[in-house]
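Any read-out appearing in this document is the output of simple, stated calculations on the displayed coordinates, not a laboratory observation. All figures in this text were calculated on a predicted structure; none of them were measured in a lab. We place every Cβ from the backbone using ideal geometry, glycine too, and count neighbours over all the protein chains shown.
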Amino acid sequence: MFFTRELLANDAGTGQHWNHLWTNHRTPSELMDQAMLANAGLQANDSLLTRDFWRATDAIILEMRDQETGMEIIQDLLAVQTTLDIGKTVKAYNMVGAIADDVAVSMDGQAPYSFDHTEYDTDGDPIPIITAGYGVNWRYQRGLQTVGIDLARDSQMAKMKEYNKKLVLHALDGNAKIVVDGKASQGLRNHRNTKKFDLGAGGLNINLTTATAAQMIAFFQGSFATTLIANRVDSLDILWVSNEIMTNLSKVYVENGVTVGTVLDYLLRFIRVKSIRATFALTGNEFLGYVRQRSVVSPLIGMTTSVIALPRPMPQSNYNFQIMGAMGMQVTVDGNGMGGVFYGKNFT
């Protein structure tokens, strides 16, 4: 969802997005120069939109990204993102159905067997556009620059914070108002293909913020492991937990009078999870885990987050900027309904 050196080097689609971005950076300045020259011979003086300005603008996008709560989950999934053209509004996929199991074993190869084919079902996820804007008064900007205050920079930072909040919320919960071709926009927590654990009193009845090490081992080796096995998952690459759960996991664990480490250290020796990390995006008795594979979960990137300038025909026109990105979240299951994303909280 963000331009990084790694993505630009390893993902051709992200490279195309980058080329489109720099075209959008150049075009407004060129159009503004032409428009200003055409207006009574006014001299073009668009000193704000320089190459250095755009470099600083792109740097702010990454700076503000790293400050947003929950962005660490999106960052972790960038390794399995799917980069698409902005014209793609939904990413569909086929789920292969059943086929006859009449595989013959014989000496002459003439035993009867069928020549059928499998059936398909389909699912998919929308890729909505997330937008925000900010503006700078042309005269105010010029005056503040003379005393070392950059209004455009500060306005971008403030608006990027709000944009990133919406981005994280969208990745986690989608947007109930968006449905494309009958496919609803959903996130990691509420996706129809995410496997849910009801940790409340009406469900599994365990509070991971206060549970003992023995209770947690019983849970993770019991119903948790059973659900993973039912979905043919050997282990989760990562389990995100609330800071309340992490506080409980960080307690010193003593066995037979000997300190053997933290509860977390002890727990990871026995459960089907490779890594457990805390995030402020989750609260209380809440966790989210997944297998980090593109066939299981993938951020769908139709447009990498970028800032572009809107046309400014006169020297007295204000500077207006648009922040834009396009992202959906795909959580898949196979033809048997098995998946690799798991979410737990108190549902009852």
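So the values come out like this:
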read-out	value
The stretch 280-346 - convex hull of alpha carbons, volume per residue in Å³	145
Hydrodynamic radius of the stretch 209-348 per Kirkwood, over alpha carbon pairs, in Å	18.1
Estimated FRET transfer efficiency (residue 153, residue 79; beta-carbon r; R0 35 Å; 0.05)	0.70
Whole-angstrom Cα spans of the stretch 110-266 along principal axes, big to small	80, 66, 35
Length-normalised contact order of the stretch 196-325 in % [C-alpha pairs under 8 Å, at least 6 apart]	24
DSSP bridge orientation in the stretch 180-295 - percent antiparallel, rounded to nearest 5	70
